[in-house]
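Enquirer: Mind looking over this structure? Questions follow.
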Amino acid sequence: MLKASRKTGTRERNKQDKLMRIKSSALELFVSKGFDDTTTREIASAAGVGLGTVFVYAETKRDLLFLIVNDDLEDCVDRSSANCDPSRSLLQNILEILRIHYEYFARLPVLSRQALREMYFYQTGKQAERFIHTRERLSGLIGKLIAEAIATRLIHSEESADIIAQTIFAIYQVDLRRWLSTDDLDIEAAMLHLGRQLMVLMRGLSPRPEALA
């Protein structure tokens, strides 16, 4: 039984080693050559594994990209959740949640731009389920803050907390892409710009009836 346990341990270590080499090689090639110009075969070769081994973890090149970022995005949501502070305002808590994500995407802008482009319509693949779940967790975290603010009468809306959270998430997604397309990735400037947009949403536009006709 001890031998079997050792064999299992060795196999698991070998699997983890291969996975780390695949992720490291994919990251290096995506950054140096670009996502479009890198092939799955090149990644397998650089990692020192067979092409079939790569496909164990990722069905497509897009899957490989999210094999790299999924762990980090999950960590961002974990830290965002832990960072919520009831002593802060609703706006401050939302901005602190999203600041963590801006900071992450600013670390490797080249890779981040590729990942953000590939997020559109990403529904199938070995890594897709993890990505979608993480995205829903982030939107759900914002929704929870909104629901709490509605329950304590800090804000009022005829719409549900989910719809409001989805609106905030949409603003964040567009603004993040706009910011990452610039040369100067100033986090404070990004938070100021995002905060102004969220203030428009939270204050409303006080429309007269004819504006909505």
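Enquirer: Between residue 41 and residue 19, how many nm apart are label points set 7 Å from Cα along the C-beta direction?
Expert: The two pseudo-label positions are separated by 2.8 nm.
Enquirer: I've got another one for you. Evaluate the distance, in nm, between pseudo-label points positioned 7 Å from the Cα of residue 59 and of residue 177 along their respective Cα→Cβ axes.
Expert: 2.4
Enquirer: Still on this structure, I have one more. Hey, of (i) 1.08; (ii) 1.00; (iii) 1.24, which did the structure itself give for Cα Rg over 2.2 N^0.38 Å when calculated?
Expert: Matching entry in (i) 1.08; (ii) 1.00; (iii) 1.24: (iii).
Enquirer: So for the chain, averaging the separation of alpha carbon pairs under 8 Å that are six or more residues apart and normalising by length, what relative contact order in percent results?
Expert: Dividing the mean separation by the residue count of the chain yields 18 percent.
Enquirer: Specify the longest stretch of the chain that does not include any exposed loop site, a site being one of the chymotrypsin sites (Phe, Trp or Tyr not before Pro) with a non-H, G, I, E, B DSSP assignment and at most 14 other Cβ atoms within 10 Å.
Expert: No qualifying site falls inside 1-119, the longest such stretch.
Enquirer: Under 5 Å between amide H atoms, partner at least 5 residues away or on a different chain: which partners does residue 60 have, H built in plane at 1.01 Å?
Expert: Those qualifying (amide H under 5 Å, at least 5 residues apart or on another chain) are 126.
Enquirer: Okay, moving on. Residue by residue through the range 131-138, which ³J(HN,Hα) values in whole Hz follow from phi under the Karplus form 6.51 cos²θ - 1.76 cosθ + 1.60 (θ = phi - 60°), with glycine and proline marked x?
Expert: For the range 131-138, the Karplus curve yields 4, 4, 4, 5, 4, 5, 5, 5 Hz.
Enquirer: Oh, and also: Can you tell me the length gained on complete extension of the stretch residue 192 to residue 12, counting 0.36 nm per residue apart and subtracting the Cα distance?
Expert: 60.2 nm
Enquirer: Using a Cα distance threshold of under 18 Å, what count of lysine pairs results for the range 1-113 when pairs must be 8 or more residues apart or interchain?
Expert: 7
Enquirer: Quickly work out the residue 159-to-residue 75 label distance, labels modelled 7 Å from Cα along the C-beta direction, and quote it in nm with one decimal.
Expert: Result: 3.4 nm between the two label points.
Enquirer: Of all trypsin sites (Lys or Arg not before Pro) in the range 1-109, which ones are in loop regions per DSSP and have a Cβ with at most 14 other Cβ atoms within 10 Å?
Expert: For trypsin sites (Lys or Arg not before Pro) across the range 1-109 that sit outside H, G, I, E and B with at most 14 neighbouring Cβ atoms in 10 Å, the list reads 33, 88.
Enquirer: Want the number for residue 32 to residue 117: 0.36 nm per residue separation, take away the alpha-carbon distance, what's left?
Expert: 28.9 nm
Enquirer: Still on this structure, please answer the following. Working from Cα positions, state the angle (0 to 90°, nearest 10) between the long axis of helix 161-180 and the longest principal axis of the chain.
Expert: The two axes meet at around 60 degrees.
Enquirer: Hey, another quick one. If you fit an axis through the alpha-carbon atoms of helix 2-32 and take the longest principal axis of the Cα set of the chain, what angle between them do you get, 0 to 90°, nearest 10?
Expert: On a 0 to 90 degree scale, this one is about 60.
Enquirer: If each residue of separation counts as 0.36 nm, what is the full-extension length gain between residue 152 and residue 83 once their alpha-carbon separation is subtracted?
Expert: Gain on extension, residue 152 to residue 83, equals 22.8 nm.
Every number here is computed from the coordinates shown, using simple stated rules; none is lab data. Bear in mind that the values here come from a model prediction, so they are computed numbers and not experimental data. For neighbour counting, all protein chains shown are included, and Cβ atoms are generated from backbone atoms with ideal geometry for every residue, glycine included.
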